[in-house]
1. Of everything in the stretch 88-119, what is more than 22 Å from residue 42 (Cβ to Cβ), of a type outside the set (A, V, I, L, M) and in a loop (DSSP other than H, G, I, E, B)? Give them in sequence order.
2. Kindly evaluate residue 48 against the criterion of being in contact (Cβ under 8 Å) with a residue 60 or more places away in the chain and surrounded by fewer than 19 Cβ atoms within 10 Å (Cβ to Cβ).
3. What about residue 24, is it within 14 Å of residue 87 (Cα to Cα) and either touching a residue at least 12 places away in the same chain (Cβ under 8 Å) or touching a Leu at 6+ places or on another chain (Cβ under 7 Å) (or both)?
4. Determine which member of the set 109, 103 is at pLDDT below 95, of a type outside the set (D, E, K, R) and over 12 Å from the mean Cα position of the chain (by Cα).
5. If you scan the stretch 52-87, which residues turn out to be among the hydrophobic types (A, V, I, L, M, F, W, C) and part of a strand (DSSP E or B)?
6. Search the stretch 66-119 for residues being touching a helix residue (DSSP H, G or I) at 6+ places or on another chain (Cβ under 9 Å) and of a type in the set (S, T, N, Q), and hand back the single one that is surrounded by the fewest Cβ atoms within 10 Å (Cβ to Cβ).
Amino acid sequence: MTGFFVGWGKPLSASQHFALLGGSSHFVAAVDGESGNVIGFVTALTDGVNSAFIPLLEVLPAYQKRGIGSELMRGILRKLDAIPCVDLMCDAEMQTFYEKFAMFKSHGMILRKYLGGST
């Protein structure tokens, strides 16, 4: 799988991408019907009882604006249907996209070690 993580300062390698998918509690992939290539994915981490976090939703640039991201969100939310608290962090310009799935704005905190943060 190549072409993902556009705009990232240090994009993940293919092996890191596969490890990310394998380490997720759930993931949903979108596959191009003609080529068989993965063109999008979404991941979730959950305790299986109360809380889940959706860390990544990616669609290859050539396939964006076709409803693929919406289908991926619907798919991952179905997998998380029994979980009452589902969170994600996103840039402000993406908030209206996630509001379509009954999500609402909140406040949060993040640590990004590659930006110089440490504990």
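The values are calculated or read from the model by the stated rules, or taken from the named source; none is laboratory data. Every value quoted in this text rests on a predicted model; they were computed, and no experiment measured them. Ideal geometry is used to build each Cβ from the backbone, glycine not excepted, and the neighbour counts take in all protein chains shown.
1. If the condition is that a residue be more than 22 Å from residue 42 (Cβ to Cβ), of a type outside the set (A, V, I, L, M) and in a loop (DSSP other than H, G, I, E, B), then 107, 116, 117, 118, 119 are the ones that fit.
2. no
3. no
4. Checking each option against the conditions leaves just 109.
5. Matches in the stretch 52-87: 52, 53, 54, 56, 57, 59, 85, 86.
6. 119
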